Each structure stands twice: as structure tokens, then as C-alpha cells.
Amino acid sequence: MLSRKAQSFTESVIREMTRLAKVHRAINLAQGMPDFPAPPEIKDVACEAIMNDINQYAITWGAKRFRDAIAAKTRAHLGIEVDPEREITVTCGATEAMIASLLAVIDPGDEVVIFEPFYENYGPDTILSGATPRYVQLRPPDWSFDPADLAAAFNERTKAVIINTPNNPTGKIFSREELRVIADLCTRWNALAITDEIYEHILYDGYRHCAMATLDGMRERTITINGLSKTYSVTGWRVGYAIAPPELTEGIRKVHDFLTVGAAAPLQEAGARALALPGSYYSDLARAYQERRDLLLGGLRAAGFECSIPRGAYYIMAETSGLTAGNDIEFTHFLVKDVGIAVVPGSSFFHEPSAGSRYIRFCFCKQEKTLRSAVERLQKLSSIRAAGRG
Ligand SMILES: Cc1ncc(COP(=O)(O)O)c(C=O)c1O
């Protein structure tokens, strides 16, 4: 009885790994959710909002106070003027912002260009919206793309390209020059850029975030997606947003209204407070994440993994060849059951599973003590390696 669409993608492997982590009492380095508290000031505002009876639907496209805060932050942080009345849609997470945007712009026969490895939602998102995905490889160690490959993926059916910078799972930051190459193709083929910038504040080693909408000519053809989940450590609040020119926003708002009506009203009030946090909040966040990255990266390398250094987001793609002759799925099950660490098999990030069979993804949005226990457990791998097992 299931539709062809629903049958054509699998359950989320990332969420499945979280369930397996519970079964095996493993440390969950699979799903990107922090195990430390959110900032107290924003939790206070959320509680106050409920006590003050902000408990009914907000305006479907987002509470005014929150949209104003999004516009103010976008101006201050990216230097972009956004009209909160006509260019912002508040959604249930960046997840809904992406699917609502695709449903708003895709017609049957349209193609969407996706860089891979990709955040696993983008595959089902394109299927659900009826688009045909065209994949372009990001190549290690720096996960750059070949401009010729990208040019070959665009044609008159291309409706949009999805970009995610800073990138999950690779930690790549798209440079302004790379974005310019993508932008020129968008202009040439009259395509949109849908850019998921949810990790915009999680950057390392002096790398800087460049937003697609700041490139000449791109403001009017870019949908910028963002949310509270990662920057404010509130993945369970489900508050995100899409910024787009008025005519695109009209379509996104309509789709969003009939998908979910709106995001949680009291949490939008807390979101307004979150977006007004001072600059030091963001530099502290990035510094703390860089320490976590260095801790896990050191542990992974000592255990025998080959890893490229993530420059942003909070994941490490680790190459497993030095540790196992098996594939990513076998190794992931071994790690969760026998070593006590849940990770995500690399094949979840590629449309051809074999392309990811030598990778697994670790996330490090965890307390130092959690990461230290994980690194300790990883030491078991050296003895397993010596014994030629795994
Ligand atoms: C690239 C990317 N986009 C979106 C999301 C989900 O965001 P939200 O919690 O706002 O739906 C994630 C979560 O892991 C992600 O990595």
C-alpha cells in the first residue's frame, strides 16, 4: 500500500544508529545532538513565554518578534538587508525549511544538483518534492569539487543547487571563489541556490563563513536556510527558518502553512532572545568546538583512522582502510556492539553506497568527558588491529 515515493528511500540511518546506541549502551557519536545544556538565558525566556501564555499558534510564517530578530541578526552578521514581513518563513527546523522550499519551487522533470557526500536528508527531500537529483563529487582531502563536473551537472532542467556550508559530513567550508563558480552556473542556467547554513557559527582555524546570498547577483536567486538547533544547542526545539526573496517566500509560506501551520510559539520567543546574544557567545561556541574537534581527531588518528581536518560543523569523516577490510556497515555494527561507540556508516552520505564504504562519520558535539571516554574506548581498536580482527 505504500507509495513509490515512500518506498524509494530508507529509514534514516543516523536516527537508527541513535536507537542502536541505546540498545548497546554505546556512546552516541552518531546523531548530531549536544549532550550539554543550552544557554540558560534562552531557556528562561522559553519558560517565561509558556508561563505568560504564549501557548497558541503564532502567525503561520513566524512570530513578529522572532522574524525581526532574524532580520537584525542577518544584517549584523552577513550584512544582508532582509524584510521580515516578506522574506522570512519560520519553520519546524531547517529540516522543514528545506522540504518546504523544494516543494515550493520544484515541478515534475526539474533537476536539483547536490554535492556528495551530502547530509542524508537531501536525497529523500528531492524524492518527496519530485525532483531528479544530479550528484557532484566533493573529493578528499579538502573536499573540493571539479568545476567541470559541476558545469556538466547543470542544464536547462536544473531548478536548483543545494549547498551546505559549513558542510555535514565533511567539515568543508565553501570558499567565496567556489561559491562564485556555483553562482555563475546558477545565473547561466537560471537556477536557484538553496543554501543550508545551519553551522555558520561553528568554524575553526580562522576559517570564515561566506553566505551565498552575499555574492553579486545571488540575493534574488538564493534561499538561505538556518535554524536554532546547532548554534544554540537546542536540536529538540525544532525551530528553523528560510530567507528568500518575496515571490519565493510567498510559495514557501503557503507550503509551510499546510505542512505544519507553524513552529512552537514559546520557542520562537526564546529564539528572538537567542539571536540577540552578543558576539562573544559565537566566538566562545567556536572555540569550545575546536577543542572538542582536536580531542576527537587526536584519538581517531591514534586509533589508526585517516581523517581530513574538518574546518567547520561538528563531524569528522574517518577513513577506515587501516583498521578493517570490511565495509562501513559491518564496521559500524562492530563499533556499536563491541567497542561501545555509535557512529554513522559513510554510505549514508552517498547515492551509491559503495562510494562511502570506506568511511564512517563521528560527531563531536559532546562534553569533554564524553569524548574522553570515547577516545579511551577507541584504544581497544589498536589491540584489535594488532590481532588482525575488526
Ligand atoms: C546540514 C544540516 N541541515 C539541517 C539539519 C537539521 O536541522 P534542524 O534541526 O534545524 O531541522 C542538520 C542536522 O544534523 C544538518 O546537519
Of V181, V90, V339, the most mobile residue in a GNM of the chain (C-alpha springs, cutoff 10 Å) is V181
Take the chain, connect every pair of alpha-carbon atoms lying under 10 Å apart with a spring to form a Gaussian network, then pick out the residue of G326, G279, G227 with the largest mean-square fluctuation.
-> G279
Listed by chain and number, the aspartates and glutamates with an alpha carbon less than 14 angstrom from that of K254, same-chain partners under 8 positions apart left out, are E87, E96
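Leaving ligands and nucleic acids out of the surface, order M51, M218, M1 by accessible area at 1.4 Å, largest first.
On the way: M51 150, M218 0, M1 235 Å².
Descending accessible area places them as M1, M51, M218.
Measure up K230/K380; K22/K73; K22/K230; K5/K64 against 28 Å on the Cα-Cα distance and list the ones that go over. Present the calculation step by step, with values, prior to reporting the outcome.
Working: K230/K380 31 Å; K22/K73 38 Å; K22/K230 22 Å; K5/K64 36 Å.
Over 28 Å Cα-Cα: K230/K380; K22/K73; K5/K64.
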P(r), alpha carbons of the chain - 20 Å bins starting at zero, rounded % = 28, 59, 13, 0
Accessible area (Å², 1.4 Å probe, nearest 10) - D149 = 50 Å²
According to a simple spin-label model (label point 7 Å from Cα along Cα-to-Cβ), what is the distance in nm between S280 and L20?
-> 4.4 nm
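Given Cα pairs under 8 Å that are at least 6 residues apart, what percent is the relative contact order of the chain? Walk me through the numbers before you get to the answer.
Numbers: 778 pairs, mean separation 94.7, N = 390.
Once normalised by length, the contact order is 24 percent.
How big is the shadow of the Cα convex hull of the stretch 267-326, averaged over all directions, in nm²? Can you show the working numbers first?
Details: hull surface 23.5 nm².
Dividing the Cα hull surface by four gives the mean projection, 5.9 nm².
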Would you look at the GNM of the chain, springs on alpha carbons closer than 10 Å, and say which of P353, P278, P245 moves the most?
-> P278
Starting from the stretch 1-82, pick out the chymotrypsin sites (Phe, Trp or Tyr not before Pro) whose DSSP state is loop and whose Cβ has at most 11 other Cβ atoms within 10 Å.
-> Y57
Want the number for E156 to Q137: 0.36 nm per residue separation, take away the alpha-carbon distance, what's left?
-> 4.8 nm
What part of the accessible area of the stretch 233-319, given as a whole %, is carbon or sulfur when the probe is 1.4 angstrom?
-> 53 percent
C210 accessible area, 1.4 Å probe, all protein chains in place, Å² to nearest 10 = 10 Å²
For the stretch 189-241, the charge dipole (Cβ of Lys, Arg +1; Cβ of Asp, Glu -1; about the Cα centre) points to a positive end, and the Cα of Y232, N190, I202 closest to that extreme belongs to Y232
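Stretched out fully, how many nm does the piece from T10 to D146 gain, at 0.36 nm a residue minus the Cα gap? Write down the numbers at each step before the final one.
Numbers: separation 136, 0.36 × 136 = 48.96 nm, distance 2.95 nm.
Stretched fully, the T10-D146 segment lengthens by 46.0 nm.
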Report Y281's accessible area, 1.4 Å probe, all protein chains in place, as a number in Å² to the nearest 10.
-> 40 Å²
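The values are calculated or read from the model by the stated rules, or taken from the named source; none is laboratory data. These figures come from a predicted structure and were not determined experimentally. Every residue, glycine as well, gets a Cβ built from its backbone with ideal geometry; the counts of neighbours run over all protein chains shown. Note: accessible area is taken over every heavy atom of the protein model, side chains too, but ligands, DNA and RNA are not part of it. Shrake-Rupley method; radii C 1.70, N 1.55, O 1.52, S 1.80 Å.
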